[in-house]
Amino acid sequence: MKYQEILNEGSKILKLNNIKSYNLDSEILLSSTLKLDRFQLLLKLDKRIKNQEKKTFFNFIERRSKNEPIAYIAGYKEFWKSKFKVDKNVLIPRPDTETIIEQVLKELNVNSSKKILDIGTGSGCIIISILKERKRCFGMGIDISKNAVKLAKYNAKIQHIDNRIKFLNSDIDNFYGDKYDLIISNPPYIKHHKINGLEKDIKNHEPKIALDGGIDGYNKIRLIIKKSSTLIKKEGKLYLELGINQTRETLKTLNLNGFYKTRVIKDLSSKNRCIISTKI
């Protein structure tokens, strides 16, 4: 069976199972099976597939047919300028989250030497991406999940910045450390009752602990802002990712905890996505 034939077969199965991006997903899964990038795959469509590769590919297709996210099946997600290992223990990085990185890099010039804290680090993709761009900065990432911390450490090592970052298994309430120049966080901000209304890929596979923001969606946001006020240096900046319609309440909480000079940044869809506030 040639690559083109098995690619078509995979697409057909995914389409029958109502996977919208069936052609693209089939390409990604075959590329992952063969350990080729998609461009290399498209140059070799006449090549014949080995039996073991065929078995692996159809196993991947079966998993995707059950709405398991592509990133978990392939084992990685491209984010910013790198590939990050991901699994069911961490949230899959989204393009909108790159908004935080863009804003931090605007704040820090290439010679900046700052200490950065990432609260709820997950795969470590945000803090690692920043440190790769700013080679004199140092970071700390914390997460309540031991498995997430293990994965973040792995990602830091393969990105060759493990000498400038530490990861700690801790919740925000029990974390005590130095004062930081910048604090970043992509917290859980989805209202609890809306979790079941999310797409199947998300609600059935991604970790709820990284999604569920409590009854009103602000539980973790409030905790992070309050704790950050004790961990950040004077004139230090807090970068928070937000959900839709969460700007006004978040601004109130920031002001109550001594954060002012606030800017709201829109994402790729022109929705309020990131809020940047300075500790006075």
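Does the range 139-160 contain any residue that is out of contact with any strand residue (DSSP E or B) (no Cβ under 7 Å at 6 or more places or on another chain) and acidic (Asp, Glu)? Spell out how you get there, then give the answer.
Of all residues in the range 139-160, those out of contact with any strand residue (DSSP E or B) (no Cβ under 7 Å at 6 or more places or on another chain) come to 144-145, 147-148, 150, 157-158, 160.
Adding the requirement that they be acidic (Asp, Glu) leaves none.
No, there is no match, as no residue in the range 139-160 is out of contact with any strand residue (DSSP E or B) (no Cβ under 7 Å at 6 or more places or on another chain) and acidic (Asp, Glu).
Per-residue answers, yes or no, for (1) touching a residue at least 12 places away in the same chain (Cβ under 8 Å); (2) among the hydroxyl-bearing types (Ser, Thr, Tyr); (3) under 30 Å from LEU14 (Cα atoms):
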site: ASP162; (1), (2), (3): no, no, no
site: ILE184; (1), (2), (3): yes, no, no
site: PRO187; (1), (2), (3): yes, no, no
site: LYS203; (1), (2), (3): no, no, yes
site: ILE215; (1), (2), (3): yes, no, no
site: ILE225; (1), (2), (3): yes, no, no
site: SER228; (1), (2), (3): yes, yes, no
site: LEU231; (1), (2), (3): yes, no, no
site: LYS237; (1), (2), (3): yes, no, no
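In the range 162-189, which residue that is at pLDDT 95 or above and among the β-branched types (Val, Ile, Thr) is surrounded by the most Cβ atoms within 10 Å (Cβ to Cβ)?
Filtering first and then ranking leaves ILE184.
Closer than 19 Å to THR99 by Cβ and of a type outside the set (Gly, Ala, Ser), is that true of THR278? Step through it out loud before you land on a result.
Working: closer than 19 Å to THR99 by Cβ: yes; of a type outside the set (Gly, Ala, Ser): yes.
Here the answer is yes, as THR278 does meet what is asked.
Of the residues ARG64, ARG38, which is among the charged types (D, E, K, R), without any contact (Cβ under 8 Å) to a residue 40 or more places away in the chain and either buried (at least 20 other Cβ atoms within 10 Å of the Cβ) or in contact with a helix residue (DSSP H, G or I) (Cβ under 6 Å, 6 or more places away or on another chain) (or both)?
Only one candidate qualifies: ARG38.
Could you count how many residues in the range 228-245 are crowded, with 20+ Cβ neighbours inside 10 Å and farther than 20 Å from ILE92 by Cα?
6
Inspect the range 254-274 for any residue being under 30 Å from ARG64 (Cβ atoms), in contact with a strand residue (DSSP E or B) (Cβ under 8 Å, 6 or more places away or on another chain) and in the same structural domain as THR99 (by TED's automatic domain parsing) and give the result as yes or no.
yes
Here are ILE128, ILE158, ILE116: which of them is under 16 Å from the mean Cα position of the chain (by Cα) and not assigned by TED's automatic domain parsing to the domain that holds LYS35?
It is ILE128.
So which residues in the range 239-260 are touching a Ser or Thr at 6+ places or on another chain (Cβ under 8 Å) and either under 19 Å from LEU105 (Cα atoms) or touching a residue at least 40 places away in the same chain (Cβ under 8 Å) (or both)?
Listed by number, the residues that qualify are TYR239, LEU240, GLU241, LEU242.
Here are ILE144, ILE165, ILE161: which of them is within 29 Å of ASN67 (Cβ to Cβ) and of a type outside the set (Phe, Trp, Tyr)?
ILE144
Let me spell it out: the conditions are (1) closer than 17 Å to GLU206 by Cα; (2) more than 16 Å from the chain's Cα centre (by Cα); (3) crowded, with 17+ Cβ neighbours inside 10 Å, and LYS146 meets all of them except one. Which number is the exception?
Only one criterion in (1) closer than 17 Å to GLU206 by Cα; (2) more than 16 Å from the chain's Cα centre (by Cα); (3) crowded, with 17+ Cβ neighbours inside 10 Å is unmet by LYS146, namely (3).
Test ASN111 against the criterion of being in the same structural domain as ALA210 (by TED's automatic domain parsing), modelled with pLDDT under 95, surrounded by fewer than 19 Cβ atoms within 10 Å (Cβ to Cβ) and not acidic (Asp, Glu), and give yes or no.
Numbers: in the same structural domain as ALA210 (by TED's automatic domain parsing): yes; modelled with pLDDT under 95: yes; surrounded by fewer than 19 Cβ atoms within 10 Å (Cβ to Cβ): yes; not acidic (Asp, Glu): yes.
Judged against the criteria, ASN111 is a match.
The values are calculated or read from the model by the stated rules, or taken from the named source; none is laboratory data. Just so it is clear, the model here is predicted, and its values are computed rather than measured. A quick note on method: Cβ atoms are made from the backbone with ideal geometry, for glycine too, and the neighbour counts reach across all protein chains shown.
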